[in-house]
Amino acid sequence: MYAGGTDTTSTTLEWTMAELIRNPRTMKTLQNEVREVVKNKVEVDEDDLEKMLYLKAVTNESLRLHPPIPLLVPRELTQDTKVLGYDIISGTRVLMNAWAIARDSLLWEKPEQFYQERFLETNIDYKGLYFELIPFGAGRRGCPGVTFATTVYELALAKLVLNFNFELPNGAKIEQLDVSESSGLTMHKKFPLLVVVSPHTC
Ligand code: HEM
């Protein structure tokens, strides 16, 4: 639980901040939504999150482009089965490439683009019912931490964009932001995100 539950959530948040900085229009729209919902309150709470539909779209799009566990968790077949005409025998170890599925151009329009609006026009989400998007896996052995993880992540994201503005250090341009991926069980940014943070004043 500690391994699966800490690195994954913080990695997702780092990728999201990188994408928001690369897409200033998205950052601005998200900040406007969060600031409008929270208004004069000091804290964001879970009830507020339900009113933030744009933030939910950003969550889905971040998990689509940057699933923190790209190959999910290895599983072993307990019985013979057939997939797309291929016989797979019991005992075979199976890896699900959730990263590739979420970037498949047969399933997604402009799959390489961070375009959260796509989730405002569809019911698809990350909860395991739509196999085009399975960052938490699916079925009985899917991630049991999905609700906890997304709530913690969304609260942190909402608080960050509510209270702060962000820019790259030393006047760097957004095109210079490196979004290479590292290899490993969890997929981090190859180079940590460095940003200059300034408090938001009304
Ligand atoms: C963004 C955050 C997270 C992501 C993307 C994620 C993703 C995953 C994935 C892909 C699996 C394997 C599912 C499968 O094989 O079908 C998994 C399993 C698991 N996750 Fe998460 N997870 C996250 C956060 C958490 C949190 C916060 C917790 C606990 C507090 C947690 C606990 C677990 C546990 C215990 C399993 C093993 C379940 C089993 O084998 O039956 N995860 N997670």
Cα-based helix-to-principal-axis angle, 24-38 vs the chain, degrees rounded to 10
80
If packing is taken as the average count of other Cβ atoms within 10 Å, what order do 52-65, 91-104 fall into, highest mean first?
52-65, 91-104
Per residue Cα convex hull volume for region 1-91, in cubic angstrom?
164
Measure nothing but the geometry: give the 0 to 90° angle between the long axis through the Cα atoms of 146-163 and the longest principal axis through the Cα atoms of the chain, rounded to 10°.
20
Result for the chain: accessible area per residue, probe 1.4 angstrom, in square angstrom, of 61
Region 12-30-region 169-202 distance, computed between alpha-carbon centres (Å)
10
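Eigenvalues of the Cα gyration tensor times 5, then square-rooted: what semi-axes does that give for the chain, in whole angstrom, largest first?
That gives 33, 18, 16 Å for the three semi-axes.
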What do you get for the angle between helix 53-65 and the principal long axis of the chain? Use alpha-carbon atoms, 0 to 90 degrees, nearest ten.
50
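The values are calculated or read from the model by the stated rules, or taken from the named source; none is laboratory data. Remember, predicted model here, so these are calculated numbers, not experimental data. Ideal geometry is used to build each Cβ from the backbone, glycine not excepted, and the neighbour counts take in all protein chains shown. Note: areas computed on protein heavy atoms with side chains; ligands, DNA, RNA excluded. Shrake-Rupley method; radii C 1.70, N 1.55, O 1.52, S 1.80 Å.
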